[in-house]
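The structure appears right after this line, and notes come after that.
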Amino acid sequence: MAAEFIAKAVTPEGLVFRKPVTFLKIRTENGDIGILANHINFISPLGAGEMLIREKDNKETSYYISGGFLEVRQDKVVILGEDILEATTAEAMKMARQAAIEQAKQHKIREEQDILGSKKKIQQNLRRK
């Protein structure tokens, strides 16, 4: 049987949940992370995406989180989120879709900037010759 720890999720509107869980998966700015009991202490900014919690009876619940911060400390995880919505709600699905679109736009902008930078360097090198 998996060991439990307390997971607490809070938004500016108030407490979303506080309950014992056996596993938590959440998206940080550097990628997804899975947390079990006795995890090393740390703090991380959160990216927009899915948060999954698993309870002792193996019941899993998905949430959409729009960003925030995560603190892992002494068998307690605190999630401070801008918006945390259970993934079954239409609003959560809409927000997840909007976040994915925004992420794709940002990726495209970075890609275009890289291409422009490369073109500029090529032109500078051609002028030197």
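Every number here is computed from the coordinates shown, using simple stated rules; none is lab data. If you're wondering where the values come from, they're calculated on a predicted model, not measured in any experiment. With ideal geometry, Cβ positions are generated from the backbone for all residues, glycine too; neighbour counts draw on all protein chains shown.
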For this session: Within segment 36-128, report the trypsin sites (Lys or Arg not before Pro) that DSSP leaves as loop and that have at most 13 other Cβ atoms within 10 Å.
Result: Lys56, Lys59
Seminar exercise, completed: So, over other residues within a Cβ distance under 10 Å of Gly47, counting Lys, Arg +1 and Asp, Glu -1, the net charge is -1
For this session: Quick one: net charge around Val78, please, counting Lys, Arg +1 and Asp, Glu -1 for every other residue with C-beta under 14 Å from its C-beta.
Result: +3
Exercise. For segment 5-128, treating each Cα as an identical point scatterer without solvent, what Debye log10 I(q)/I(0) comes out at q = 0.14, 0.15 1/Å?
Worked result: -0.64, -0.70
Exercise. What relative contact order, as a whole-number percentage, does segment 5-128 give when Cα pairs under 8 Å and 6 or more residues apart are counted?
Worked result: 22
Problem set entry | Electrostatic dipole magnitude of the chain [Cβ: Lys, Arg +1; Asp, Glu -1; Cα centre; debye, to 20] | 1000
Problem set entry | Glu4, Glu13 arranged by Cβ crowding within 10 Å, fewest neighbours leading | Glu13, Glu4
Seminar exercise, completed: Kirkwood calc, segment 1-64, C-alpha pairs only, radius in angstrom 12.4
For this session: Please give the net charge around Ile65, taking every other residue with its beta carbon less than 10 angstrom from that of Ile65, where Lys and Arg add +1 and Asp and Glu add -1.
Result: -2
Exercise. How far is helix 90-128 tilted, in degrees, relative to the longest principal axis of the Cα atoms in the chain, given as a value from 0 to 90 rounded to the nearest 10?
Worked result: 30
For this session: Once you have the Cα-Cα distance between His107 and Asn41, take 0.36 nm times their residue separation minus that, and quote the gain in nm to one decimal.
Result: 20.6 nm
